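Trainee: Take this structure first; my questions come after.
Every read-out reported here was derived from the displayed coordinates using simple, explicitly stated rules and does not represent laboratory data. Treat the numbers as computed from the prediction; the structure is a model and nothing was measured. Reconstructed Cβ throughout: ideal geometry from the backbone, glycine too, with neighbour counts over all protein chains shown.
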Amino acid sequence: MGEGSDRQEHRRRARGELEAEVLAALWAAGGPVTAAAVQENVTGAAYTTVLTIMTRLRDKGLVTRRRQGRGHVYAPVHDRAGLAAAGMRSLLDEGGDRAAVLARFVSELSAEDERLLERLLHGQSPDEG
């Protein structure tokens with residue numbers, strides 16, 4: 001586990017950060033865009049790197065791709081809130097004892113977030129209160 005494993009771990013973190021940047025560029029676009037358009041909004045990333053990241057995001061079910069003309073356009077499957085909610089559901093599914101996971105989650109909410117969650121559970125809009 002020497003120097004090589006440290007570099008590999010760094011690459012994994014960087015890829016996750018790059019995936020987040022690519023998703024942010026897709027959300028900012030507001031509609032389906034080409035890989036070149038995304039690459040213009042991801043600082044310091046080569047076109048091929050962006051294309052690889054978008055392919056990985058597509059394989060994970062986070063991005064769609066459809067043919068347009070001679071190329072493809074990409075769009076996120078979820079908005080930011082939808083992606084966060086999907087991640088929370090996935091973690092809840094993997095957490096074993098659902099009641100324990102939810103209890104721990106709720107116990108660590110701020111008072112403001114508790115009130116918001118209670119309003120949402122009672123069918124009220126987040127702005128009501």
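Trainee: So if we plug the beta-carbon distance of L121 and V77 into 1/(1 + (r/R0)^6) with R0 = 35 Å, what FRET efficiency do we get, rounded to 0.05?
Mentor: 0.85
Trainee: Now a separate question. Using a 7 Å offset from the Cα along the Cα-to-Cβ direction at both E108 and T43, what is the distance between the two label points in nm, to one decimal?
Mentor: For the pair E108/T43, the computed spacing is 2.9 nm.
Trainee: Relative to the first principal axis of the alpha-carbon coordinates of the chain, what is the inclination of helix 111-121, with its axis defined by its Cα atoms, in degrees from 0 to 90 and to the nearest 10?
Mentor: The angle comes out at about 90 degrees.
Trainee: Next up: Treating the angle as unsigned and between 0 and 90°, give the value, to the nearest 10°, between the Cα long axis of helix 3-29 and the longest Cα principal axis of the chain.
Mentor: Computed tilt is about 80 degrees.
Trainee: Next question. What list of ³J(HN,Hα) values in whole Hz, one per residue of the stretch 99-105 in order, does the Karplus curve 6.51 cos²θ - 1.76 cosθ + 1.60 (θ = phi - 60°) give from phi, with Gly and Pro shown as x?
Mentor: These are the phi-based 3J(HN,Hα) values: 4, 5, 5, 5, 4, 5, 4 Hz.
Trainee: Spelling out what I want: for every residue of the stretch 38-51, take phi, set θ = phi - 60°, compute 6.51 cos²θ - 1.76 cosθ + 1.60 (Karplus), and round to whole Hz; glycine and proline get x.
Mentor: For the stretch 38-51, the Karplus curve yields 5, 4, 4, 9, 10, 4, x, 9, 6, 4, 5, 5, 4, 4 Hz.
Trainee: Rounded to the nearest 500 deg cm²/dmol, what is the calculated helix-only ellipticity per residue at 222 nm for the chain, with -39500 (n - 2.57) per DSSP H run of length n ≥ 4?
Mentor: The per-residue figure over the chain is -20500 deg cm²/dmol.
Trainee: Further question: Compute the acute angle (0 to 90°) between the alpha-carbon long axis of helix 80-94 and the principal axis of greatest extent of the alpha-carbon atoms of the chain; round to the nearest 10°.
Mentor: On a 0 to 90 degree scale, this one is about 70.
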